[in-house]
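The values are calculated or read from the model by the stated rules, or taken from the named source; none is laboratory data. Remember, it's a predicted structure, so these values are computed and weren't measured experimentally. Cβ atoms come from the backbone with ideal geometry, glycine included; neighbour counts cover every protein chain shown.
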Amino acid sequence: MKTDIFDNLKSYGKVLKDEPMSNYTSFKTGGCADYLVYPASMDKCAELIEYLNKSECGYTVLGGCTNLVVGDMGIRGVVIIISDLTEGFNEIKVVDENTIYAGAGVKKSEFINFTAENCFDGMHFMVGIPGCIGGGIIMNAGTYMGTFSSVLKKVYFINNRGQSKSKEIDSTMGQYRHLDLEAECAVVTGADFSLPKSDNKDLVIQKINDIIEDRKQKHPWDYPSAGSVFKNPENEASWKLVNDCGLKGYSIGGAQVSEKHTNFIINKGEANSAEIRALVSYIQSQVKIKYGIELHTEIRMIGEFH
């Protein structure tokens, strides 16, 4: 990577050098990114993508960093953070009587509150899922109540040449924790959501609050985690497989299988990413030995590990 890249990056937004990713990940672990950039605007983000590709500089695009394990040795190259601090990525608005637009940096919790206040229904599946809209789109986040692909109408993105594009979405494009977007999609910038209107705002808000309370009882919100660690195998529940292997509360260093929900790994306070990864691998091996089932992760492991 060129030695003058820091000065070049500053023309696209706020740049931090050797920035600890533990400041960003929901696990509170991870080494330093060589360079971390908050694009100043959506246009600057497109220019940055074009520059990095032409310069053949490696880059990683992240949002809320809520489903990640970043290696303790950090991330080489440039990390681009898409957040509500970037002009354009924080926009949220009513488009018409059945459509809301949200930028990729809008927090899911903010989006849910906005839909409820404007008497839109249909977003209950998103309640309690951390992170930003962009990440939810990319991984087709959801629960048994629904997924992003069931409410998405159109997704807007920047391709790897720095061009702004859009794609109409239908439910058939939604796979389990994956949305079929263009292969050249570099950054999701926002989306139109098709949602039904409600004539009872209080009822919508009450349903949301009920789900929040239920999740507080079932999920370990008191410790850093990345939500559900494993995808559910066909006709199986990951939490039950882990639980029935006797792994509730099992620890490696500061990483522990939650005693509240066994598809969560929590950071008890001193965990590093290597311990989290080791615990993930151990759980997978034990489920494979006992049930012959391969558990695949929802969380992504990126960067360099020891």
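A few remarks follow.
- Here Ser11 fits the description: modelled with pLDDT of 95 or more, over 29 Å from Thr297 (Cα atoms), polar (S, T, N, Q) and surrounded by fewer than 22 Cβ atoms within 10 Å (Cβ to Cβ).
- At least 2 residues being buried (at least 19 other Cβ atoms within 10 Å of the Cβ) is the threshold, and among the strands (runs of 3 or more DSSP E) wholly inside segment 121-236 those reaching it are 152-159, 185-194.
- Of the criteria (1) surrounded by fewer than 18 Cβ atoms within 10 Å (Cβ to Cβ); (2) farther than 26 Å from Ile138 by Cα; (3) modelled with pLDDT of 95 or more, which one Ile252 fails: (1)
- Within segment 231-271, being touching a residue at least 40 places away in the same chain (Cβ under 8 Å) and among the hydrophobic types (A, V, I, L, M, F, W, C) holds for Leu241, Val242, Cys245, Phe264, Ile265, Ile266, Ala271.
- Just one of the numbered conditions (1) over 21 Å from Leu181 (Cα atoms); (2) small (Gly, Ala, Ser); (3) out of contact with any Lys or Arg (no Cβ under 6 Å at 6 or more places or on another chain) is not true of Gly128: (3).
- For segment 25-44, a residue qualifies if it is surrounded by 22 or more Cβ atoms within 10 Å (Cβ to Cβ) and part of a loop (DSSP other than H, G, I, E, B), and the qualifying residues are Thr25, Phe27, Thr29, Gly30.
Conditions tested, residue by residue: (1) without any contact (Cβ under 8 Å) to a residue 40 or more places away in the chain; (2) of a type outside the set (S, T, N, Q); (3) on the phi < 0 side of the Ramachandran plot; (4) in contact with a Cys (Cβ under 7 Å, 6 or more places away or on another chain).
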residue	(1), (2), (3), (4)
Gly88	no, yes, no, no
Glu91	no, yes, yes, no
Glu97	no, yes, yes, no
Lys107	no, yes, yes, yes
Ile112	no, yes, yes, no
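- Annotation note: of Cys45, Cys65, Cys57, the sole residue that is touching a residue at least 24 places away in the same chain (Cβ under 8 Å), more than 26 Å from Lys108 (Cα to Cα) and not assigned by TED's automatic domain parsing to the domain that holds Asn272 is Cys57.
- So Val15, is it free of Cβ contacts under 8 Å to residues at least 40 places away in the same chain and either assigned to a strand (DSSP E or B) or under 16 Å from Cys132 (Cβ atoms) (or both): yes
- Whichever residue in segment 54-72 is touching a helix residue (DSSP H, G or I) at 6+ places or on another chain (Cβ under 9 Å) and surrounded by fewer than 17 Cβ atoms within 10 Å (Cβ to Cβ) and, among such residues, is nearest to Glu168 (Cα to Cα): Gly58
- Conditions (1) modelled with pLDDT of 95 or more; (2) charged (D, E, K, R); (3) over 21 Å from Thr29 (Cα atoms); (4) surrounded by 14 or more Cβ atoms within 10 Å (Cβ to Cβ); number of the one not met by Glu275: (3)
- All positions within segment 237-249 that are surrounded by fewer than 19 Cβ atoms within 10 Å (Cβ to Cβ) and either assigned to a helix (DSSP H, G or I) or assigned by TED's automatic domain parsing to the domain that holds Ala141 (or both): Lys240, Asn243, Asp244
- Filter pass, Val95 being of a type outside the set (Phe, Trp, Tyr), within 22 Å of Asn159 (Cβ to Cβ) and part of a strand (DSSP E or B): no
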